Amino acid sequence: MEPYSKTVMQHFMNPHNVGEIKDADGVGNVGNPVCGDILRIYLKIENEKIIDAKFKTFGCGAAIATSSMVTDLVIGKTVEEALKISNKAVAEALGGLPPIKMHCSMLAEEALKSAIEDYMKKKK
Amino acid sequence: MTKIYMDHNATTPVHPNVLKAMLPFLETEYGNASSMHSFGRAAREAVEEARGKVAGLIGPCEPADIVFTSGGTESDNFAVKGAAHALKKKGKHIITSKIEHHAILSPCEFLEKEGYEITYTPVDEYGVVDPQALKNAVRDDTILISVMFANNETGTIQPVEEIAEIAHSKGILFHTDAVQAVGKVPINAEKMGIDLLSMSAHKIYGPKGIGAIYINKKAKITPFIQGGHHERNRRAGTENVPGIAGLGKACELAKSDLESESVRLTALRDRLWNGISANVKDVKLNGHPRKRLSNTLNVSFKYIEGESILLNLDLKGIAASSGSACTSGSLEPSHVLKAMGVDAAVSQGSVRFSLGRANTEKDIDIVVREIPPIIKKLRDMSPLYDSGTRG
């Protein structure tokens, strides 16, 4: 298999933002065990700004690294800005992903969007 | 950091004596085994000597029934397509199992497109083919039964003799992919009723790119590679003399050490499983508890995924695999574990340790020590672990 980039391995070995947020304002849960990856992202949002993000992931090295990276990328961003984070941006920030692992970055984007949607729903 | 290799079902290192047996045919004895001059005769002699050693490991059987190929995959393709094409007037139905290597499954899918019908028989929770279900699948137009000798992922050994008997009682050819079994379990192709058998050198400390197929003289299959008159018109192409000499030597070594290595590796394999299951909760052994290759341990670590375990092990210098090396690029859970009824999430957390000559008790103890913190770290990260533990 094509090897992972240095950044992917760094995030895989020492992932940032692992855990749960008990009183999260939005939670996103995507994936299933058949495809091999489940990502859950928790967001803490104040005045439309993401002040904290945590994740729990079942999956391969790339799934863990993208979870770590996407949570890093959203902290400090407004909800509107966070919605613009694409899977490509996550993969690029990681120094690229092997082609067969690009779906992991898709899952990261979907988990983030799903967490924001959850927040929007709760807000109403 | 000392490196520990526990992926011998993927491939093995070339044994020093095998390399020594190969070198003359790369250096000074470079003749073409089809040539009549002294260079050619030296090469021919080496090829025939090796053929005898191969026949010795899976027999004794007739050396003339051994045909050299480029490896296990070619032998499997040759057996399945060769039998299908040779017997198409008799019928177009083939029976195989759900747990075969892709070297069998892909040719079967190819034949389906050519109008053949394939029945994939199920296995039980241990990955053993049910001979009764197989017998029930036999039809008047069944021409071939192909069931592997031992599974590459779990090591589970199949009731080959029973299946061969079913095949022969109905006048059906029987092929077995014995790539993982050869050199690890005693095999007598003739006595066991095997008509066709695939094997590979690099799984038994020989070089890559060379293997063989046993074709019982009563079995007529259509040649797969056309060209010159090599291998009695059964497989064209100038013989890979260094490879063949290496395969011969590897077979000789495997035969002389089969019993002692089997006892030694069984003890190491069980030490590894006992160590893992004593130190890590929620683990599952995949495969038959006893009817299993002496060197193979397939373990599911629940709530986490295999690749992330392998990457962590690799960083500690430990080489193992998840699923089979050939399918580790795919995202689907193992088709073998799926056929055994293993839950998809549990299947994703499977790791295969396959032991070999170089492994020692010390290696096992290092691996047993390194595993628990890796599993804990990954489980702490897993969303399934909460749901698994909290209900």
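What relative contact order, as a whole-number percentage, does chain A give when Cα pairs under 8 Å and 6 or more residues apart are counted? Numbers along the way, then the final one.
Values: 244 pairs, mean separation 39.4, N = 124.
The value is 32 percent.
Taken per residue, the accessible surface of the protein assembly as shown reaches 42 Å², heavy atoms only and a 1.4 Å probe. Counted residue by residue at 0.36 nm each, then reduced by the alpha carbon distance between them, the extension gain from A:I100 to A:E48 reaches 15.2 nm. Label reach from B:E361 (point 7 Å along Cα→C-beta): in the range B:290-305, no amide nitrogen lies under 16 Å. Distances between every pair of Cα atoms in the range B:16-254, grouped in 10 Å steps from 0 to the bin holding the largest one, split as 8, 34, 35, 17, 6, 1 percent.
If both residues of a DSSP beta bridge must be in the protein assembly as shown, then about 65% of such bridges are antiparallel.
In the range B:152-246, taking the dipole from charged Cβ atoms about the Cα centre, the farthest positive-side position among B:A212, B:S169, B:T222 is held by B:T222.
If one computes P(r) from the Cα atoms of the range B:241-311, what percent of pairs lie at distances over 19 Å? That fraction is 52 percent. Between B:E114 and B:S35, the contour length at 0.36 nm per residue exceeds the Cα-Cα span by 24.5 nm. The orientation-averaged projected area of the convex hull spanned by the Cα atoms of the protein assembly as shown comes to 26.8 nm². Assuming charge only on the beta carbon of Lys and Arg (+1) and of Asp and Glu (-1), the dipole of the protein assembly as shown about its Cα centre is about 220 debye to the nearest 20. Surface composition of the range B:16-254: carbon and sulfur atoms hold 54% of the protein heavy-atom accessible area at a 1.4 Å probe.
The interface between chain A and chain B buries about 2000 Å² of solvent-accessible area in total (1.4 Å probe, ligands and nucleic acids excluded). Taking the Cα centre of chain A as origin and assigning +1 to Lys and Arg Cβ atoms and -1 to Asp and Glu Cβ atoms, the resulting dipole is close to 140 debye. This model, with +1 at the C-beta of Lys and Arg and -1 at the C-beta of Asp and Glu, gives chain B a dipole about its Cα centre of some 160 debye. Local charge for B:H335 was computed over the other residues whose Cβ lies under 15 Å away, with Lys and Arg +1 and Asp and Glu -1, and equals -3. Screening chain A for whole DSSP H helices of 27 Å or more along their axis (Cα) with average Kyte-Doolittle hydropathy at least -0.5 returns A:102-123.
Restricting to DSSP H runs of at least four residues, report the calculated mean residue ellipticity at 222 nm for the protein assembly as shown, -39500 (n - 2.57) per run over all residues, nearest 500 deg cm²/dmol.
-13500 deg cm²/dmol
With respect to chain B, whose longest principal axis is taken over its alpha-carbon atoms, helix B:241-279 is tilted by about 20°. Label-to-label distance for A:N32 and B:K376 is 3.4 nm, based on points extended 7 Å past Cα in the beta-carbon direction.
Once the Cα-Cα distance is subtracted from the 0.36 nm per residue extended length, the B:K291 to B:K208 segment shows a gain of 27.1 nm. Restricting the trypsin sites (Lys or Arg not before Pro) of the range B:171-268 to loop positions (DSSP other than H, G, I, E, B) with no more than 16 neighbouring Cβ atoms within 10 Å leaves B:K191, B:K208, B:K217, B:K218, B:K220. I need to check one value: relative contact order of the range B:155-208, counting alpha carbon pairs closer than 8 Å and at least 6 residues apart, in percent. Result for the range B:155-208 is 37 percent. Label-to-label distance for B:E27 and B:E332 is 4.8 nm, based on points extended 7 Å past Cα in the beta-carbon direction. Between A:E81 and B:Q132, the FRET efficiency from the beta-carbon distance, with R0 = 45 Å, is close to 0.10.
Across chain B, the relative contact order, built from alpha-carbon pairs under 8 Å that are at least six residues apart, equals 23 percent. Note on B:K217 and B:E125: with the Förster distance fixed at 41 Å, the Cβ-Cβ geometry gives a FRET efficiency of about 0.60.
Set the bar at 25 Å for Cα to Cα. Now go through B:K113/B:K291; A:K22/A:K124; B:K20/B:K53; A:K22/B:K338; A:K54/B:K3; A:K6/A:K44 and name every pair that lies beyond it.
Pairs exceeding the cut-off: B:K113/B:K291; A:K22/B:K338; A:K54/B:K3; A:K6/A:K44.
Annotation for B:D314 and B:E162: the two label points, set 7 Å from Cα along the Cα-Cβ direction, are 4.0 nm apart.
The values are calculated or read from the model by the stated rules, or taken from the named source; none is laboratory data. Nothing here was measured: the structure is a model prediction, and the numbers come from that model. We place every Cβ from the backbone using ideal geometry, glycine too, and count neighbours over all the protein chains shown. Just the protein is used for accessible areas: all its heavy atoms, side chains included, with ligands, DNA and RNA removed. Shrake-Rupley method; radii C 1.70, N 1.55, O 1.52, S 1.80 Å.
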